[in-house]
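Laboratory data are not the source of any read-out in this text; all were calculated from the coordinates shown. Just so it is clear, the structure is predicted and the values come from calculations on it, not from any experiment. Every residue, glycine as well, gets a Cβ built from its backbone with ideal geometry; the counts of neighbours run over all protein chains shown.
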Amino acid sequence: MKKLLQSLFILLFFASTAIAQDRTITGTVTSSDDKLPIPGVSVRVTGTQIGTVTDANGKYSVKVPSGSKTLDFSFIGYLVKNLALTASNTINVALVSDSKTLSDVVVVGYGQQSKALSTQTTTTVKAESFKNMPIQTPQQALQGQAAGVNMINSSGVLGSEAQITIRGGSSIAAGGRPLYVVDGVPLNSAGGEYTQTQGGSSGLNPLINISPNDIESMTVLKDASAVAIYGSRGANGVILITTKKGAAGKTRITADYQNGFSSPTSLDEMMTADQFRQFRTDYLKANNTAVPAYPTTSFDWLDAIVRTGKSNTVNVNATGGDEKTQFYLGGTYSDESGYTIGNNLKRLSGRLNLNHKLSDKFTVGLNYNLSHVDMDRIGSENNTYAPITAGYLQLPYVTPYGPDGQFQNTGFVANVIAIAETGINKNYSDRSTGNAFLEWKILPGLKFKTDWGIDNYGIDEKYRETDLLTPGGYAYRTHYTDNKWVNSNTLNYDKTFGKHTIGALAGYSFETATLTKMMVEGSGFVSDDLPNVGSASTPITASEEVFDWALQSVFGRFNYDFDKKYLFEASLRRDGSSRFGQNKKYGTFYALSGGWLISNEAFFNKDNKIAQNLKLTASYGTAGNDNIGFYQYYGTFSAGSNYLGEAGLTPNVVPNPNLSWEETAQLDIGLSARLFKAIDVQFNFYDKKTTGLLLNVPFPYTTGYASASQNVGKMRNRGYEVTINSDNIVGRDFSWRTSFNIGFNKNTVLELPANPDEDGRNFVSGGTAQRAITGYSKNSFYLIRYNGINPQTGNAEWLKKDGSVTTSPLASDRVIVGKGDPDFSGGITNTFTYKNFDLSAFFNFSYGNDVYLDGLQFSDNFGTGSYNKSVKLLNYWKQPGDNAFAPALNSSTRTTFQQVSTKQLLNGSYMRLKTLSVGYSFPKEFLQRSKLFSSVRLYFQGQNIWTIKDKDFRGDPEISANGASNQVLGQSFFALPQAKTFTFGVNIGL
């Protein structure tokens, strides 16, 4: 017993001595998920700056001073682990994935990055944000979800393009649409080239052929560090769309069905037949004019044109695979009818995404989408063939049917009911997009990828009017194809050397597209039963145009981080575009950025409960815009001219071999952190300056040319963005999360070509109401100021330029009175769950923008009896003291009351309950009994169901009928308001 106690004493003595001395601890750090080693893990002695990082095999060795008790193991995407030291000198650690930080992997140009280690400014909208939402196109999922992204639905017409500006837009007259990239394939972007204009300026939506159900995420690239890798096309921002991929494991099948109905959010009230007859009688008598015998009939055109819209959507997808092969297979069919007659849309799309591992070194993949869209089109606005426009303007005593009960011709304002019933206005489109790739892992950390993509778009449009509307009948047929192929080859290298991690990307890409436009047109049909243009007796047009375009690029990116604290990134791209002159075909774009992970510093207390993941970033760089159409630099002639009975050519475009890119330089400074372990906050300030604006410069009449594209002018966008995501309450049965974002932007035109206005400022016209003016916003409204009705005289009054009151203003009295771009916009989402119930409410908002309603010049017009009137005109001045809407019936200002002025300019600020969703998921225990369903969720959603707007605003403030144009923003001529939609659905997992 004595010897045993002596042995124990000696053992304890040597153990305590060993612990008291410095010693070296070694081990291996692996992931608890896949048991693989993790390189770059930070290993530190708790409370000191002593530490190291794991090598490429996850191994570490650290010298621990005497008295130390614990080690900290930390790595991005994993939970921090604190382990107590024992007598052993070997400590192996398995880190557990942190689902919160691991999910913050962002898609960037030609790759992915950890959000925590990225110096780029991006915003990602994931599928969970718009799951089961009844949206027509992917852009709708961006509205109010990304700070600095202002998205406005151009109109309520099915298939119309939305207006999206990222950080204020970087162009005036050149294309303002961001670059859309789907699984690495930049989409064709001819926009309005794809269809005949039918009243509005908005083209077809470029993403209408993509099913939102197939999208995994959409990432908006905003700062120079993010967009410079796309060079000549990144100035207006880049939106990367990543579709869903397969996963190893049991095949999972998900089916979703939605059924909904819709109505317009807001319509202006027009006079009934009795009101119109009485108003016109009083008006004519007040002006000593004979009163005609008005028909006694009446018809409510708006009521007949507006219907209950309906929608049915079915989506089925399957995902699965094994360690070598993973697949995603999805299909969507939707059938929608708009809330106006004649507007219908059917869409069928299918997607196959496939990844296969040939060996440890080679992987191949395919992403392919095929779609067909069948649309019944309608005129959208500023067109008397447009249902809503005609519904407002058609005289209320005119009926669509004559005495014989048949449709009748209603004159200049067309019988749109007859058009919908007897005419043809179809648009068919077929689109196939996708890419196939091969990836070769040459060495550990080094891989090569070659990617071949296509975007083949075919659009067929058929239009036919009957003899009732156009004597003899009229028809046209167009067929457009836009076929692109693109090849990109990239070499990626990633390696960690102790505390140093580098990443390098080098690439080459080439893409080319051919747009072909054909049209035939004719009139004079022997019968309305002959629908085809070939039956016309009088050919009008037979035309064909072919446009080719190509882009060749080399690019590279270099990333470096030291000890997961100090970050650096540089990118460079050189583009050669066939859109520009021989002297300026090639342009070089670059970006530099840096970041500091303050929370990874030794002086930063990792145990504090206030701030974690604190990061400061800064970037500066350039991007371009080449979206100016085709052959604008080349001296071309128009064919088909008739000169003295012979075929001839007409000069068309002035040659300009120096025509080149618009270039936007951007500075960005950002700060992000996680606060109180529950709130993610990101703040960014940016300053963008665009030079070499692509504008049409007017030429003297004597030259024979109206204008030519030149690089002239400068513009600035400056602002800041705030994004907050908060886990307010996270409990076992109840949770509440909030997402909030807001973006402030100020746009200023700095320089324009010589074209002075009355005050000597150069400007570019955006129409009768809007201008880009040096020193002001590119979307400035330039109008006479309306002062209201004088309660004593009954006259309408306006203000002269000097502010004095007048009843007869001049064009020279116009001043800058507002702007179409908002001071700020954003959105807020609150999501609640209680056991198996979920509730989500999403509001979007816009403030500081004005909207010009051009249609009010007609509906508020005293002087003509050719159109119906707004009921507001019934509130006309009758006696002194009246605070009336309209002047006296015999006022000298009655005939100028409707003139272009701020009377039609309204405050466009609004907040809208964009989406309200309520759902119930069946309990797992209940579903397990069926042995068939893995999940079942029932849900109800409402869209655009409540709006806060200015009390004097007439209609829907969410409008910008010029689509992707940056030159005209916030204007409307009876554009269709947004649809108020209610949808019921069920989602089933098998």
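Of the residues Leu443, Ser488, Ala475, the one whose Cα sits farthest towards the positive end of the charge dipole of the range 440-494 is Leu443 (charges of +1 on Lys and Arg Cβ, -1 on Asp and Glu Cβ, taken about the Cα centre). A prolate overall shape is assigned to the range 635-778, the ratio a/c of its alpha-carbon gyration tensor axes (a ≥ b ≥ c) being 1.5 or greater and a/b exceeding b/c. Between the beta carbons of Ile442 and Tyr508, assuming R0 = 22 Å, the FRET efficiency works out to 0.85 to the nearest 0.05.
Ranking Ile784, Gln163, Leu839 by how far each Cα lies toward the positive end of the dipole of the chain (charges on Cβ) leaves Leu839 at the top. Can you tally the net charge around Ser129? Count Lys and Arg as +1, Asp and Glu as -1, for every other residue whose Cβ sits under 13 Å from the Cβ of Ser129. Taking every Cβ under 13 Å from that of Ser129, the sum is +2.
Using 0.36 nm per residue and subtracting the Cα-Cα separation, the extra length available between Asp528 and Ser735 on full extension is 68.2 nm.
Axis of helix 273-286 versus longest Cα principal axis of the chain: the two differ by about 50°, to the nearest ten degrees. Near Val105, the amide H atoms lying under 5 Å from its own belong to Lys115; only residues 5 or more places off or on other chains count, and H is placed 1.01 Å from N. Between the alpha-carbon centres of the range 441-456 and the range 666-702 there is a gap of 31 Å. For Met270, Met911, Met218, the sequence from fewest to most other C-beta atoms within 10 Å is Met911, Met270, Met218. Under the combined filter of DSSP loop state and at most 14 neighbouring Cβ atoms within 10 Å, the range 717-782 retains these GluC sites (Glu not before Pro): Glu758.
Applying the Karplus relation 6.51 cos²θ - 1.76 cosθ + 1.60 with θ = phi - 60° to the range 60-70 yields 3J(HN,Hα) values of 9, 8, 9, 8, 10, x, 4, x, 6, 10, 9 Hz, where x marks Gly and Pro. Our helix-only sum for the chain, with -39,500 (n - 2.57) per DSSP H run of n ≥ 4 divided by its residues, gives a mean residue ellipticity at 222 nm of -2000 deg cm²/dmol.
For Leu446, the amide hydrogen comes within under 5 Å of the amide hydrogens of Asp494, counting only partners 5 or more places away or on other chains and with H modelled in the peptide plane.
Taking the Cα centre of the range 388-485 as reference, the dipole from Cβ charges on Lys and Arg (+1) and Asp and Glu (-1) amounts to some 520 debye.
Dipole magnitude for the chain: about 3800 debye, using +1 per Lys or Arg Cβ and -1 per Asp or Glu Cβ, origin at the Cα centre. Taking a Cβ cut-off of under 15 Å around Asn658, the surrounding Lys, Arg, Asp and Glu residues balance to a net charge of 0, with basic ones at +1 and acidic ones at -1.
Bridges between two residues of the chain, per DSSP, are antiparallel at a rate of about 95%. The slack in the chain from Lys361 to Thr86, taken as 0.36 nm per residue of separation less the alpha-carbon distance, amounts to 94.9 nm. In order along the range 328-336, phi translates into HN-Hα couplings of 9, 10, x, x, 9, 10, 9, 9, 10 Hz, rounded to whole numbers, per the Karplus curve 6.51 cos²θ - 1.76 cosθ + 1.60 with θ = phi - 60° and x for Gly and Pro.
Summing Cβ point charges (Lys, Arg +1; Asp, Glu -1) relative to the Cα centre of the range 848-990 gives a dipole of roughly 560 debye. The residue among Thr48, Val416, Ile208 whose Cα reaches farthest toward the positive pole of the charge dipole of the chain, with charges on the beta-carbon of Lys, Arg, Asp and Glu, is Thr48. To the nearest ten degrees, helix 2-20 and the longest principal axis of the Cα atoms of the chain are 40 degrees apart.
Positive contributions from Lys and Arg (+1) and negative ones from Asp and Glu (-1), summed over other residues with Cβ under 12 Å from the Cβ of Asp467, come out at -2. Does the range 472-626 come out rounded, prolate or oblate, given a ≥ b ≥ c as the square roots of the eigenvalues of its C-alpha gyration tensor, rounded meaning a/c under 1.5 and, failing that, prolate meaning a/b above b/c? Taking the square roots of the gyration eigenvalues as a ≥ b ≥ c, the range 472-626 is prolate. Altogether, the Stokes-Einstein calculation at 4 °C and 1.567 mPa s, with the Kirkwood radius of the chain over Cα pairs as Rh, returns a diffusion coefficient of 41 µm²/s. Computed from backbone phi with θ = phi - 60° and the Karplus coefficients 6.51, -1.76 and 1.60, the 3J(HN,Hα) list for the range 875-885 is 8, 9, 5, 10, 8, x, x, 5, 9, 9, 7 Hz; x is used for glycine and proline. In this structure the amide hydrogen of Asn652, modeled in the peptide plane, comes within under 5 Å of the amide hydrogens of Thr636, Phe637, Ser638, none closer than 5 places in sequence on its chain.
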